[in-house]
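What follows is a set of notes on a single structure, which appears directly below.
The values are calculated or read from the model by the stated rules, or taken from the named source; none is laboratory data. The shown structure was predicted, so the numbers you read here are calculated from the model rather than taken from an experiment. Because the Cβ atoms are built from the backbone with ideal geometry, glycine has one as well, and the counts that use them run over all protein chains shown. Just the protein is used for accessible areas: all its heavy atoms, side chains included, with ligands, DNA and RNA removed. Shrake-Rupley method; radii C 1.70, N 1.55, O 1.52, S 1.80 Å.
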Amino acid sequence: MRSVIDILDLSKEEIDGLIAVANDIIAQPEAYAEKCKGKKLATLFFEPSTRTRLSFEAAMYELGGNVIGFSEASSSSASKGESVADTAKVISEYADIIAMRHPKEGAPLVAARNATIPVINAGDGGHNHPTQTLADLLTIYREKGGFNNLTVGLCGDLKFGRTVHSLLNALSRYEGIKVVLISPEELKVPDYVKSDLLDKCGIPYEEVTDLESALPNLDVLYMTRVQRERFFNEEEYLRLKDSYILTVEKLALAKPDLAILHPLPRVNEISVGVDNDPRACYFKQVRYGKFMRMALILKLLEEAGK
Ligand code: CP
């Protein structure tokens, strides 16, 4: 059974296909309004979410399907000790496809190994968030016309930010990509991401601590929040949480066609004044996420013969 746990579970050609379908849904949504009639999506969210859960649900409704699920572990039998493996077997009896978020890295993979229906990872701990990456890729595609030869800056919590790790994996497959990693020393991209991905794929990258000096060279700036929920020490979080704040004044240093992305939620790292700048793409990114999730649900259900 085909599941998507990591963005690399999808080939570059399959991502191109999903982008083409998402663009077609945007152009003619009525053509997709009954594609999932009679089908059920189960949203199993063991960790809080606004965008991912509700965009999955909106996606399924806009495909004419139905949704069941829970939005917190405490309202599921996980609170009584039921395993992820058993939960996946049970939900396979009720639904046609699962979207799962879990605080433990690897939990959606365990679910996929035990389910008899496709499982989509909707975010696992500090590990992966492939459907956020699909939203990011459609945003970059629509803003920049493609992915090759872009200089992409990733700024903020590059240690715990699962969206950063997934996006770097996806971008590593395109030609001429350059990466600028902007973070405090304490929140640098983990060494395994550098050695197993950036070095292995021969992607030029630099690590810097200063956003202002990096800004002028960037085509895409991917801002991220410091991930409070992954810190063991509250004092350390408070010290680092406002490391970077993108303001209207700082944007004067950037290219006129910079695309500013953020997976959201935003805490303080982009000032509200930036929202009115035409380079701010993060609310469009939210919208595109729904269309990419629609395209992915369609693909996985079709492959499963449903
Ligand atoms: N970007 C994202 O995953 O947002 P939520 O946590 O609200 O789903």
Fill in: Filtered residues of segment 108-147 (kept if more than 25 Å from Lys89 (Cα to Cα), open to solvent by 40 Å² or more (accessible area, probe 1.4 Å) and in contact (Cβ under 8 Å) with a residue 40 or more places away in the chain)
Tyr141, Arg142, Glu143, Lys144
Worksheet item: (1) within 17 Å of Tyr288 (Cα to Cα); (2) within 16 Å of the ligand (Cβ to nearest atom); (3) in contact with a helix residue (DSSP H, G or I) (Cβ under 8 Å, 6 or more places away or on another chain): which one isn't true of Glu57, the others all being true?
Response: (3)
Item to complete: Could you give me the residue pairs with C-beta distances under 7 Å whose first residue belongs to segment 47-60 and is among the charged types (D, E, K, R), whose second residue is more than 9 Å from the ligand (Cβ to nearest atom) and not in a helix (DSSP H, G or I) wherever it lies, and which are 6+ apart or on separate chains?
Response: Glu47/His102; Glu47/Pro103; Arg53/Thr43; Arg53/Ser71; Glu57/Thr43; Glu57/Val67
Item to complete: Go over the candidates Val180, Val220, Val226 one by one and state the one that is of a type outside the set (S, T, N, Q), modelled with pLDDT under 95 and within 17 Å of His262 (Cα to Cα).
Response: Val226
Practice prompt. Could you please give the count of residues in segment 25-54 that are out of contact with any Ser or Thr (no Cβ under 8 Å at 6 or more places or on another chain), among the small types (Gly, Ala, Ser) and closer than 19 Å to Leu134 by Cα?
Written response: 1
Practice prompt. Among the candidates Ala78, Ala99, Ala88, single out the residue that is more than 16 Å from the ligand (Cβ to nearest atom) and either β-branched (Val, Ile, Thr) or open to solvent by less than 10 Å² (accessible area, probe 1.4 Å) (or both).
Written response: Ala88
Worksheet item: If Asn66 passes every condition in (1) on the phi > 0 side of the Ramachandran plot; (2) open to solvent by 50 Å² or more (accessible area, probe 1.4 Å) but one, which one does it miss?
Response: (1)
Item to complete: Quick one: count up the residues across segment 148-168 that are open to solvent by 10 Å² or more (accessible area, probe 1.4 Å) and either away from the ligand (no atom under 16 Å from the Cβ) or among the polar types (S, T, N, Q) (or both).
Response: 6
